[in-house]
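All remarks here apply to the structure that follows.
The values are calculated or read from the model by the stated rules, or taken from the named source; none is laboratory data. These figures come from a predicted structure and were not determined experimentally. Cβ placement follows ideal geometry from the backbone for every residue including glycine, while neighbour counts extend to all protein chains displayed. Each accessible area value is taken on the protein alone, full model and side chains, heavy atoms only, with ligands, DNA and RNA left out. Shrake-Rupley method; radii C 1.70, N 1.55, O 1.52, S 1.80 Å.
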Amino acid sequence: MASPVLLAHPLQADLAADLVRLHGAVSDPADDVRVAVTTSRFGLSAEEIAALPGLEAIVSFGVGFDSIDLDAARDRDIAIATTPGVLTDAVADLAVGLLIDSVRQVSAADRYVRDGRWAAGGTYPLTGHVTGRKVGIVGLGRIGTAIADRLAGFRCEIGYHNRSVADVPFAYHASVAELAAWADVLVLAAPGGGDPIVGANELAALGPQGHLVNIGRGGLVDEPALVAALTDGTIAGAGLDVFADEPHVPEALWALDNVVLVPHVGSATQQTRREMADLVLDNVAAFLERGELVTPLR
């Protein structure tokens, strides 16, 4: 059966099954495809967009859109939808978990016990406090604000950097470097795309007692500069959910105890992924029925 919907890249099984059940299976690009469904990991390239002459909308499973060729889409007035809101809590929870783990070295201490070093008479080094830290958030959107809300319970002082000043009770910093120099922990919650916003200068500003948490996009960080900073003590530690060339993580990080590495699982809870899938289905249905998207990218 012909379908107006293309499954452009692999999707979680239940979402793929629902799309096929509702709209029919499509194995190859076709002239009658109106909606392409993809993920924030794979996006849609200019070449893929060009291969779909009838394409009117792209619906992405995730909030990231840096993997979609926005210029190619805009040139043809192709609408784009992501799945914001429903993954806010899960990603914010993980960000705070990574912050705690990096500062208190939970994962490193776990390895210390498992390796038998505690039983052999070792004493694990002292770590730092989470409570009362100055936390700088880059990107104070839904997720950044949810992270700030959670950190209120730790009596953390919040600062932020955005493209514009927000109506919030937190101190605005005009640049990432300025925010990093003020903060004890720098949390990246901004969308990707473009050049890195954290490089050697920002990491040096964060300093030898500072920590970096990235739940935004791997491309936000100059990864070789981060590897160097973690290796030579320019910063104290990091918690990373995203990487520049996923799923490939720099091998130089594997053996370091001052970095927590997780495989882009910010939204990876059963509840969140089901809600994301439902929002994808709602976007596809709304566009095919009314030519509108429920959560269009502005």
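If Trp254, Trp182 are ordered by their accessible area, calculated over protein heavy atoms with a 1.4 Å probe, which sequence runs from highest to lowest? It would help to have the intermediate numbers written out before the result.
Details: Trp254 160, Trp182 50 Å².
From most exposed to least exposed: Trp254, Trp182.
Just the number please: accessible area per residue for the chain, 1.4 Å probe, all protein chains included, in Å². Don't skip to the answer; put the middle values down first.
Values: 14150 Å² over 298 residues.
Each residue of the chain exposes 47 Å² on average to a 1.4 Å probe.
Pull out the extension gain between Lys134 and Glu292, defined as 0.36 nm times the separation in residues minus the alpha carbon to alpha carbon distance; nm, one decimal.
On the way: separation 158, 0.36 × 158 = 56.88 nm, distance 4.23 nm.
Full extension from Lys134 to Glu292 adds 52.7 nm.
Quick one: grab Rg to one decimal and Dmax as a whole number for the stretch 120-219, Cα atoms only, in Å.
14.4, 54
In the neighborhood of Asp69, defined by Cβ-to-Cβ distances under 13 Å, what is the net charge if each Lys or Arg adds +1 and each Asp or Glu adds -1?
-3
Between Thr38, Thr234, Thr123, where does the largest GNM mean-square fluctuation fall for the chain, given springs only between Cα atoms within less than 10 Å?
Thr123
For the chain, what is the calculated [θ] at 222 nm in deg cm²/dmol (nearest 500), taking -39500 (n - 2.57) for each run of four or more DSSP H residues and dividing by its residue count? Provide the component values of the computation, followed by the final result.
On the way: 11 runs with 107 residues, N = 298.
Using -39500 (n - 2.57) per qualifying helix, the result is -10500 deg cm²/dmol.
For Ile68, list long-range residues whose amide hydrogen, built 1.01 Å from N in the peptide plane, is under 5 Å from its own amide hydrogen.
Those qualifying (amide H under 5 Å, at least 5 residues apart or on another chain) are Leu44.
Count charges around Val242 for me, please; just the other residues with Cβ under 13 Å from its Cβ, Lys/Arg as +1, Asp/Glu as -1. It would help to have the intermediate numbers written out before the result.
Numbers: positive: Arg41, Arg217; negative: Asp66, Glu223, Asp241, Asp245, Glu246.
With Lys, Arg at +1 and Asp, Glu at -1, the neighbours total -3.
For the stretch 38-75 and the stretch 212-268, what is the centre-to-centre distance using only Cα atoms, to the nearest Å?
27
Heavy atoms only, probe 1.4 Å: what % of the accessible area of the chain goes to carbon and sulfur, would you let me know? Present the calculation step by step, with values, prior to reporting the outcome.
Details: 7440 of 14150 Å².
The value for the chain is 53 percent carbon and sulfur by accessible area.
Which FRET efficiency value, to the nearest 0.05, is calculated for Ser45 and Arg21 with the Förster distance at 30 angstrom and r the Cβ-Cβ distance? Walk me through the intermediate numbers first.
On the way: r = 27 Å, r/R0 = 0.92.
In this case the efficiency is close to 0.65.
Roughly what % of DSSP beta bridges within the chain run antiparallel, to the nearest 5? Working shown, then result.
Details: 2 of 37 bridges.
Just about 5 percent of them are antiparallel.
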